[in-house]
1. Being within 14 Å of chain C (Cβ to nearest Cβ) and more than 16 Å from ligand 2 (Cβ to nearest atom) is the filter here; which residues of the range A:1-42 pass it?
2. For C:A269, work out the one condition from (1) surrounded by fewer than 22 Cβ atoms within 10 Å (Cβ to Cβ); (2) modelled with pLDDT of 80 or more; (3) within 14 Å of B:Y87 (Cα to Cα) it doesn't fulfil.
3. Taking into account only those residues within the range A:199-222 that are away from ligand 1 (no atom under 16 Å from the Cβ) and crowded, with 19+ Cβ neighbours inside 10 Å, which is farthest from A:W140 (Cα to Cα)?
4. Confirm whether C:I79 is free of Cβ contacts under 8 Å to residues at least 12 places away in the same chain, more than 13 Å from every other protein chain (Cβ to nearest Cβ) and not small (G, A, S).
5. Right, B:F251: within 14 Å of chain C (Cβ to nearest Cβ) and out of contact with any Ser or Thr (no Cβ under 6 Å at 6 or more places or on another chain) or not?
6. Those residues that are away from chain B (no Cβ under 14 Å) and either within 16 Å of ligand 2 (Cβ to nearest atom) or farther than 22 Å from A:Q244 by Cα (or both), I need them from the range A:200-215; list them, please.
7. Are any residues in the range A:43-62 charged (D, E, K, R) and open to solvent by 40 Å² or more (accessible area, probe 1.4 Å), and if so, which ones?
8. Quickly run through the range C:254-266 and pick out the residues that are over 17 Å from C:M162 (Cα atoms) and either among the charged types (D, E, K, R) or crowded, with 24+ Cβ neighbours inside 10 Å (or both).
Amino acid sequence: MSLLYTKQLTRAYGGVIAVSDVDFSVEKNSISGLIGPNGAGKTTLFNNVTGMDIPTSGSVHFNDKDITGVPAFKISRLGIARTFQNIRLFKEMSVLENVMIGRHFKSGRSMISGRTVNALTSYMKMKSEEKDVYDKAREWLDFFGLDEARNEAAKNLPYGNQRELEIARAMATEPELLFLDEPAAGMNPQETDHLMSTIRRIRDLGVTVLLIEHDMKLVMNICEHITVLNYGKKIAEGNPSEIQKNPLVIEAYLGKED
Amino acid sequence: MINFLLLILIYTGLYALLALGQNIITGFTGLLSLCAAGFFAIGSYTTAILTVNYGWSFWFTIPLAGVLAALAGALIGLPTLRLKGDYLAIATLGFGEIIRNVILNWDSLTRGPMGINGIPMPTIFGMVINPYRKWGYLTLVWIFVIVFYFLLKRLTRSRMGRALEAIKEDEIAAYSMGINTTKYKVWAFMVGAFVAGCAGSLQAGFTLSVTPNTYTFMVSVMVLCMVVLGGMGNHLAVILGALIIQLAAEFPRLLGLSSTVPPQFKQIVFGLILVIMMIYRPQGIVGRKKVNYDKFVGNETRRVAKKSEVN
Amino acid sequence: MGSISEVFQHLLNGLTLGGIYALIALGYTMVYGILKFINFAHGEILMVGAYVGMFAFDFLRGDMPYGPLMLVVFFIAMIIAMIISAVLGMAIEKIAYKPLRKATRLAPLLSAIGVSFILSNLAAYIWGTKSRKFDYPFDNTAYNIGGVAITPHQILILVVSMILMIGLKLYIDKTRMGKAMRATSLDQDVAALMGIDVNKVISLTFAIGSGLAATAGILVALDFKVYPTMGAMAGLKAFVAAVVGGIGNITGAMVGGILLGLLETFGVAVLGIPQGLKDTIAFGILIIILLVKPEGLLGKAEREKV
Ligand SMILES: Nc1ncnc2c1ncn2[C@@H]1O[C@H](COP(=O)(O)OP(=O)(O)OP(=O)(O)O)[C@@H](O)[C@H]1O
Ligand SMILES: [Mg+2]
């Protein structure tokens with residue numbers, strides 16, 4: 001049973017069909033890859049699955065529930081977290097606060113006015129709520145080895161750490177499924193190695209990982225299942241060795257690269 | 001002289017309230033609202049109309065003024081939420097103008113351009129707080145400032161404040177983190193407007209009359225200046241901003257120079273403050289307040305979590 | 001609602017009002033197209049342009065009688081005003097906006113509000129708050145054409161705004177510099193990579209927008225006099241026009257301006273909206289448009305890429 005699947009997912013921007021009729025699935029507890037040349041529609045697929053964008057047609061199913069068109073903030077509550085291709089940290093806020101925001105919907109009751117009253121009346125309650133958020137956030141910072149830097153402004157972290165902080169923030173929402181959009185982009189080889197081990201450790205926590213990546217070494221190394229997009233269409237899927245041998249993929253992608 | 005100083009301090013208090021409200025909207029949430037004057041006007045007119053026409057007690061009109069302004073805040077917040085910074089600025093500006101236009105033209109309720117006179121002086125336990133004698137009113141206004149300061153501080157020193165700041169920093173990322181950005185933005189507008197409405201009510205009780213030309217765009221810009229100057233997202237800083245701007249605005253009169261310094265002086269100073277601050281110190285004099293969470297939750301000795309427990 | 005001639009009368013009044021809105025709206029839209037921010041000081045540039053035009057005109061014409069020569073003098077004054085406003089616009093951009101290009105979106109907006117405050121109050125300080133008359137360069141007695149009264153001033157507005165708009169459209173569509181402007185508004189970084197001098201394009205954008213604003217200022221002033229705050233409301237409404245048409249879209253600004261002019265005129269004349277609430281029409285339209293079609297009539301929906 002797939003954790004997530006799409007049915008004939010299509011997203012057109014005017015004349016440009018960024019994602020075209022894609023049937024795509026992610027198996028529970030796997031590390032999967034989504035690859036394809038620039039402009040193939042990978043990010044668009046992510047956006048349409050995570051509620052950042054609304055598909056033109058087709059549907060998205062998560063845990064067998066139709067989540068097509070559900071807004072992003074609800075999707076993250078359902079258990080899908082993501083990072084962005086161009087890092088989107090809360091730059092001026094501290095590393096710790098960034099991760100604390102990941103805990104947002106995990107803390108407190110849901111009624112905003114109830115919470116307002118709460119924040120205004122019960123100092124002790126607010127403080128204990130804050131303490132929970134804080135403790136959990138620091139656990140995640142430990143996990144990513146970022147705890148030392150917790151009081152730095154996020155924008156002051158080295159690039160590689162910023163990418164990992166973004167993952168830490170996403171993990172703080174305790175997702176079932178984690179989407180990473182080009183997590184290794186701009187990283188040096190050591191940082192990439194570190195990232196690979198981090199991703200494996202995340203999977204070992206029981207989290208399913210789906211990543212977009214141009215770094216073939218990383219993809220072939222850690223992904224168990226790979227889907228290839230080209231011009232918005234799915235052109236291949238399979239395990240790394242199958243993908244590497246697939247002539248369509250070589251033509252569309254690897255051939256061009258090498 | 002002392003009387004004049006007291007007057008300045010009373011106005012500083014009223015503006016500090018406006019700045020505290022604006023700070024929630026602009027300083028924390030990053031929404032450029034330009035209708036502080038509109039919310040202020042709604043507050044003032046609520047009090048003026050209810051006390052003069054319906055004989056309400058001044059004290060009961062204050063919360064109602066806040067609530068009505070908050071409703072207006074929701075009204076402007078809801079349709080404009082999807083708008084990006086600049087559009088929002090214009091829409092709120094337009095909204096502020098609409099409020100003023102309605103006040104100007106709704107003669108039967110607001111008496112149009114003439115305004116409403118004869119608001120009774122507020123009394124407490126049978127004692128009249130006579131605005132002409134200043135001290136009493138000064139205390140009243142600053143009690144409000146202090147109370148709102150603590151309330152707002154509490155409100156923003158929680159996950160709610162963090163959510164607002166996240167929206168300011170990166171709305172898309174905040175959205176993807178499970179924050180219902182729409183809800184929080186409307187909420188920010190409502191809270192900010194509520195405070196401004198209460199300030200308007202206090203203002204009416206002080207001047208004892210209200211006229212539409214008190215609530216011009218100029219007021220909104222002044223309030224914005226206070227927030228920018230003090231430091232966006234810092235409650236104490238914007239109160240300081242209100243004090244500085246008030247002193248700067250009244251400084252010619254304070255020094256007895258009002259005959260030599262042209263009346264445009266203060267507006268030019270506001271303009272300069274905005275431009276210069278944006279170029280050289282966009283975070284304001286004080287800047288954003290960093291919360292020391294290590295200290296706040298009082299938990300430096302916490303045990304290091306085992307990785308397996310993370311989930 | 002009266003006769004056909006009345007309809008034509010409103011149509012004419014709406015069109016002339018709209019022509020002026022369109023001229024101002026162009027400045028907003030061009031700047032927004034390239035820098036993605038609202039130049040709040042645009043209305044004040046219009047005001048400065050009107051003052052300069054008035055001074056130049058009064059100085060040049062002496063006590064000349066009405067006639068073709070006076071019209072020539074008037075156009076010279078207009079050109080002087082355009083040039084000075086253009087320089088002012090470029091200077092403002094260099095001083096108050098350029099340092100903020102990499103800052104948050106809020107920063108240039110606040111800076112622009114500051115500039116607009118400085119300009120209008122400086123004008124009040126230097127030239128006084130009293131409104132001054134900008135004399136017509138011709139005898140403004142209306143002609144009556146089939147029951148429709150048309151003044152020479154209205155003809156002037158229609159002709160000048162037509163010429164300027166068509167000229168601008170041709171410039172942007174046909175010339176190298178126009179292409180550079182369009183490229184810059186699509187993607188600044190890419191434009192820079194292709195060898196376009198982005199700073200020059202931005203300066204030029206401000207110059208053109210400001211020049212058009214000066215013209216609009218003069219055309220308005222002929223009817224409504226010159227005073228320091230004249231730019232505020234005109235600017236705001238023109239901005240609404242730009243949004244209605246689709247901000248960033250040049251044709252949109254023209255369409256939006258004319259539409260707003262017509263709506264205001266007919267709103268007052270036909271729907272009986274009180275004159276005092278006339279300004280409210282524009283803002284009401286703005287809020288409706290933002291709700292229903294935030295990208296405007298001709299604008300393209302633009303989503304932030306994630
Ligand atoms: N918001 C949008 N509006 C219009 N077109 C878009 C939008 N987002 C993406 N596109 C287009 O859709 C196509 C796919 O873009 P997408 O960003 O999904 O590609 P990608 O596979 O993520 O590429 P890359 O590897 O460069 O990140 C491109 O042609 C792009 O120009
Ligand atoms: Mg991409």
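The values are calculated or read from the model by the stated rules, or taken from the named source; none is laboratory data. This one's a predicted model, so the numbers in the text were calculated from it and none came from an experiment. Glycine also receives a Cβ, built like all others from the backbone with ideal geometry; neighbour counts cover every protein chain displayed. In case anyone asks, the SASA skips ligands and DNA or RNA and just uses the protein heavy atoms, side chains included. Shrake-Rupley method; radii C 1.70, N 1.55, O 1.52, S 1.80 Å.
1. Matches in the range A:1-42: A:A12, A:G14, A:G15.
2. Only one criterion is unmet by C:A269, namely (3).
3. Across the range A:199-222, the extreme among qualifying residues is A:I222.
4. Judged against the criteria, C:I79 is a match.
5. On the way: within 14 Å of chain C (Cβ to nearest Cβ): no; out of contact with any Ser or Thr (no Cβ under 6 Å at 6 or more places or on another chain): yes.
For B:F251, the condition - within 14 Å of chain C (Cβ to nearest Cβ) and out of contact with any Ser or Thr (no Cβ under 6 Å at 6 or more places or on another chain) - is not met.
6. Step one: list which residues in the range A:200-215 are away from chain B (no Cβ under 14 Å), which gives A:209-215.
Listed by number, the residues that qualify are A:L210, A:L211, A:I212, A:E213, A:H214, A:D215.
7. First pass over the range A:43-62, keeping only residues charged (D, E, K, R): A:53.
Hits for the range A:43-62: nothing passes.
8. So in the range C:254-266, the residues over 17 Å from C:M162 (Cα atoms) come out as C:263-266.
Hit for the range C:254-266 is C:E264, nothing else.
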